[in-house]
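To start, the structure itself, in structure tokens.
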Amino acid sequence: MTTYIFGHKNPDTDSICSAIAYADFKEKTGEKDVVAARIGNINNETKFVLEKFKIAPPMLLKDSTGKKMILVDHNQEAQSIDNRDKGEVVEVLDHHNINFASQGTIPFLTESVGATSTIIANMYFDTKTQLDEKIAGILLASIVSDTIIFKSPTTTEKDKITAQKLAKLLGIKDIESFGIEMFKAKSVWGKMTAEDILEMDRKEYDMSGSKVSITQVETVDYKDLVPRKKELLCELSRIKEIRGLDLSVLLITDIIKEGCLLLAVGDTKKIEKAYNKKLTNGEVWLNGVLSRKKQVVPVLEEVF
Ligand SMILES: [Mn+2]
């Protein structure tokens, strides 16, 4: 029976590439019938990464009924495949907050590192499993993406050391410019609708009974998106209505200026309280805020 490995909804590079790499690792270490999958569309950054390292995108898994599943890069139900309980989760490998219930005992590995790919790369290193250049490439790309070129406060020493090892293996001397090239590939807004932008990396959270949606997009210059602010606010309102949210947020992260422009619709008083700053026309600049997981989600949970 096939086991499907997949990351979260609205997958980012780490979600897609850790599924591919973990399937490869499982196969190389003797497990059979393990397939990398995804439960959403591939974003421009990931497309760029897969093309660069000549790897085909994983299959789209639409239904979990009767399936054996390994979750990577997420564990919460809200971020997972629809009707997850119709299948069987047999393993979890993640680096996010744990919010998971299981029927039986399963291997559940989480580590406080910047990317799931860091954990997987070290599995290859620790077990001396053959690591092909392609896989090393997508693992490096995922670490650089998730840690925002090591600028995010989620970055650990282990992420940096792992990335350096991978870069050495690939003959990449300058990880920073490799990263900027990748983020540039991601920030081609011209071809994207406001809906595309909002759905690129959107996550929903239950905060003490309130429903909050937070999208994060990384840019090399947040000003590129400022002319589209009105359109983005409209889309935030639309998502708020259709998803029945209390608060709908977009974080436009600027990886060069190292901060984010936050746009929000709904109970914005919570944001003002959390950061002790006023929103003007639905926006506020937050200096030094780069991580949704560390600098936005817990801060908002606190005020909710
Ligand atoms: Mn991740």
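Quick look at the values:
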| read-out | value |
| --- | --- |
| Estimated dipole of region 1-73 in Debye, rounded to 20 [Cβ of Lys and Arg +1, of Asp and Glu -1, Cα centre] | 160 debye |
| Helix-only mean residue ellipticity at 222 nm for the chain, each DSSP H run of n ≥ 4 adding -39500 (n - 2.57), per residue, nearest 500 | -11500 deg cm²/dmol |
| Positive-end residue, the chain charge dipole about Cα centroid, Cβ charges, pick of 232, 50, 23 | 232 |
| Pairs from 211/270; 186/230; 168/203; 230/269 whose Cα-Cα separation, in the structure shown, is over 24 Å | 168/203 |
| Rough spin-label spacing in nm, given labels placed 7 Å along Cα→Cβ, for residue 176 and residue 287 | 2.1 nm |
| Cβ-based net charge around residue 257, under 10 Å, with every Lys or Arg adding one and every Asp or Glu removing one | -2 |
| Taking region 190-303 and dividing mean pair separation by its residue count, relative contact order in percent (alpha carbons under 8 Å, at least six apart) | 22 percent |
| Exposure proxy order (Cβ contacts within 10 Å, fewest to most) of 116, 46 | 46, 116 |
| In degrees, nearest ten, helix 229-243 long axis to first principal axis of the chain (Cα) | 70 degrees |
| Cα point-scatterer Debye curve for the chain, base-10 log of I(q)/I(0) at q = 0.09 Å⁻¹ | -0.43 |
| 0 to 90° range, to nearest 10: angle between helix 175-186 axis and the chain longest Cα axis | 60 degrees |
| Most positive-pole-ward Cα, 297, 268, 208, against dipole of region 190-303 from beta carbon charges | 268 |
| Ranking of 169, 233 by count of other Cβ atoms within 10 Å, fewest first | 169, 233 |
| C-alpha long axis of helix 157-170 to longest principal axis of the chain, angle in ° | 60 degrees |
| Debye intensity ratio in log₁₀ form over the Cα atoms of region 190-303, taken at each q of 0.15 Å⁻¹ | -0.57 |
| Computed magnitude of the charge dipole of region 190-303 (debye, nearest 20; Cβ of K, R +1, Cβ of D, E -1) | 260 debye |
| Residue exposure sequence - 148, 20, 98, 161 - by fewest surrounding Cβ within 10 Å | 98, 161, 148, 20 |
| Total charge dipole magnitude, region 3-182, about the Cα centre, Cβ charges on Lys, Arg, Asp, Glu only, Debye to nearest 20 | 300 debye |
| Given charges at Cβ of Lys, Arg, Asp, Glu: the chain dipole, positive-most of 74, 152, 59 | 152 |
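Values quoted throughout were computed directly from the atomic coordinates according to the rules given, and no laboratory measurement underlies them. Quick caveat: nothing in here was measured; it's all calculated off a predicted structure. Cβ sites come from the backbone with ideal geometry, for glycine too, and all protein chains shown count toward neighbours.
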